[in-house]
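Each value in this text was obtained by applying a stated rule to the coordinates, not by laboratory testing. All values derive from a computational prediction rather than experimental measurement. Note that each Cβ is placed from the backbone with ideal geometry, even for glycine, and that neighbours are counted across all protein chains shown.
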Amino acid sequence: MKRRTKKTIRLPTLEEIEAIERHLPGPYELLVWLMAGCGLRIGEACAVTLQQFDFDAGLIFVDRQITQDGENEEPRTAVQKAITKGRGRAHCIRHLKWRDLDEGRVAPLPPTLAAKVRDHVQSYGTFRVEQGVNRLHGDYLFSNIGRTNILMYSLVDRLWRTAKQAAGIARKITPHWLRHFFASAGLSKGVPVTDMAEWLGHRDPRITHETYAHIMPDAPERLRTLMDSVLTRETELRLPLEFDVLIEAA
């Protein structure tokens, strides 16, 4: 039997998110909103390319992430062997873990965030990456400070801690909890758990429900209110008179 442990999640307020964004260097401000506004994980936000956006449909296709599980180059000299000895694996851009190569997920792109993406590209351009070892090709929105390589976790962590301190925020808030902000905001306003699970990349909606059940509106009361408004004709109901369903054969 698996042991269950409690984990405290401290949701950032919108004011705190805005304060941290204001104290980030300009080329990295958008990172905050991709996590808080689209629910991306840190590695997914770091790996976003211009090709993933469908501005007309208001969608972002999430199919890649930056991780530290790439293959290191084979050291050739004694100095290289000394440098790589005991080090972790290289940063790489890879397809989402546990997903097929052509599989990803689609998340809604709010208009305010779409405008921020356009402003970011206009102000800072993109960083072109070609297909290769540990790399997937695309026009990436973020890179390292010198624009010579991809954006790595250590830089994001350093920038976040510096901005958080400059904003005068003492309590513990990590970049990953911006994703919790996205989920909590949507679920607290009645977004279905199944939809949110898909946008977050949870294979099982039960994970989403167990994590965020405490901030969701009371479902029975919501249904009572809805059905009461339908039955008293306060809410106009338009339903198809017939529709087809798929039935699995035994």
Q: Rank-order 191-201, 122-132 by packing density, defined as the average count of other C-beta atoms within 10 Å over each peptide's residues, highest first.
A: 191-201, 122-132
Q: Evaluate the distance, in nm, between pseudo-label points positioned 7 Å from the Cα of Leu223 and of Glu198 along their respective Cα→Cβ axes.
A: 2.1
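From the Cα gyration tensor of segment 110-203, with a ≥ b ≥ c the square roots of its eigenvalues, which class applies: rounded if a/c is under 1.5, or else prolate if a/b is larger than b/c, or else oblate?
oblate
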Q.
So for each of 204-214, 54-64 I average, over its residues, the number of other beta carbons within 10 Å; can you give me the resulting order with the highest mean first?
A. 54-64, 204-214
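Pull out a ≥ b ≥ c, the square roots of the eigenvalues of the alpha-carbon gyration tensor of segment 4-60, then state rounded if a/c is under 1.5, prolate if not and a/b is larger than b/c, and oblate in the remaining case. Please list the in-between numbers first.
On the way: a/c = 2.07, a/b = 1.35, b/c = 1.54.
The shape class here is oblate.
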